[in-house]
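Structure first, commentary second.
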Amino acid sequence: MYERFIKRKISEAMEDTRVVLISGPRQSGKTTLANDIANDKMPFFTLDDPTVLAAASNDPVGFLRGLDRAVIDEIQRAPELLLSIKNEVDRNKSPGRFLLTGSANLMTLPRVADSLAGRMEVTRLLPLSQAEILGTPPDFLDRAFDGEPPHAARNSIIGDALIEHVLSGGYPEALTRRSWARRQDWYQGYVDAIVQRDVRDIAQIEQLSLMPGLLQVLAEHSGQLVNYSGIGAGIGLNHVTTAKYLGIFESLFLVQTLQPWFTNKLKRLTKSPKLHFVDAGLLAALKDLDPDKVRKDKTAFGAVLETFVFSELQKLATWSNQRFAFFHYRDKDKNEVDIVIQNRRGEIVGVEIKSSATVTSADFAGMRKLADACGNKFLQGLVLYDHDQVVPFGDKMFAAPLSGLWAAG
């Protein structure tokens, strides 16, 4: 079993918070981690079991009666249970009473958002990070926000090896498949299961049969600005329905929209969000990419690599002691920075992603615009590339190895 670096934060939350929710995509390892934390000291119930689901849905008060503590898996399948949990933890305010897992963002579900306000801490578990796969706790974000230059990672992963790591993604079950064809089969089954089961759980969809096709179209738009009309046109959906259905995929942690960074100092900024998949392996499977195809033609690899880096940064943020927000930067003159990270003090680190082994001064054009707009809040601008060397490009600007995201220096 892989060590999950967020385990410490969840264990700490269980010591002072009545309800803790591990939220994230299916098959990301939530159940395994919840059982590891509970360590046989709490009864386990999964709402994927039809009998348990019926009991929890038909008589939530009776289901919880007599339970001092419990792990309840896939809570989004019976959201009506949350009100009873609220009443139960108001009656007995002891910390660590319920450890929940959920494969949908409960905060987007009707009547759920404020039912456990002040009583529940939400942690997000994404598929495995490269650091967790390799067992090397990284310090990338902490160094960047401390204003320290990036370091060249020991045993950097570059070239063909980097391509394989990026396309593999982070779903534990997919990583056990030895051939790329078998991984493709796993991802196809994964998408089918999500559409047939989880989409039905959280929304009333009139055109359920179009959802797999929409996900396929979204894969072709990953890394691009969101254009609902353009996305939906190919499968006969208007922009309103497309936005609604994309929101459902976002609630299920399959895709994420990255909002634009803005400042009153600049008036000509793009206001459109950017689309990313949560896992690069799923994106690669939907785009029918494998290492051999990418080695012959890297045209489609750049968008997958950008999603990969965005996902890795999000994973690092989940177990950091700091709080980060993520954006993208683009102005009307098409100067852009792929990922803008901001901490609670308003300090900024910019990250640009390149799939090549060469960086030039022109690759920092958008970063310099961002730095000017941020003033002394700009801490560092990094162009991550396929190499093992750190190269300075002026004050606070560096070309840095992609491997620095996960490898300790």
(Q) Looking only at the stretch 144-172, count every residue that is over 26 Å from residue 24 (Cβ atoms), touching a residue at least 24 places away in the same chain (Cβ under 8 Å) and either in contact with a strand residue (DSSP E or B) (Cβ under 9 Å, 6 or more places away or on another chain) or not assigned by TED's automatic domain parsing to the domain that holds residue 358 (or both) and tell me the total. (A) 8
Q. Does residue 84 satisfy the criteria of being of a type in the set (Ser, Thr, Tyr), more than 23 Å from the chain's Cα centre (by Cα) and buried (at least 18 other Cβ atoms within 10 Å of the Cβ)?
A. yes
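Per-residue answers, yes or no, for (1) buried (at least 19 other Cβ atoms within 10 Å of the Cβ); (2) farther than 27 Å from residue 386 by Cβ:
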{"site": "148", "(1), (2)": "no, no"}
{"site": "157", "(1), (2)": "yes, no"}
{"site": "163", "(1), (2)": "yes, no"}
{"site": "166", "(1), (2)": "yes, no"}
{"site": "175", "(1), (2)": "no, no"}
{"site": "185", "(1), (2)": "no, yes"}
{"site": "200", "(1), (2)": "no, yes"}
{"site": "205", "(1), (2)": "no, yes"}
Q: Would you check if there is a residue in the stretch 29-40 being more than 24 Å from residue 198 (Cβ to Cβ) and either crowded, with 21+ Cβ neighbours inside 10 Å or out of contact with any helix residue (DSSP H, G or I) (no Cβ under 8 Å at 6 or more places or on another chain) (or both)?
A: yes
Q: Select the strands (runs of 3 or more DSSP E) contained entirely in the stretch 319-402, then report the ones holding at least 1 residues which are loosely packed, with under 14 Cβ neighbours inside 10 Å.
A: 324-330
Q. Residues 277, 308: which one is in contact with a Ser or Thr (Cβ under 6 Å, 6 or more places away or on another chain) and under 15 Å from residue 128 (Cα atoms)?
A. 277
Q | residue 325 vs. criteria over 17 Å from the mean Cα position of the chain (by Cα) and either farther than 19 Å from residue 385 by Cβ or in the same structural domain as residue 276 (by TED's automatic domain parsing) (or both) | A | no
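The values are calculated or read from the model by the stated rules, or taken from the named source; none is laboratory data. Just so it is clear, the model here is predicted, and its values are computed rather than measured. Neighbour counts run over all protein chains shown; Cβ positions are idealised from the backbone, glycine included.
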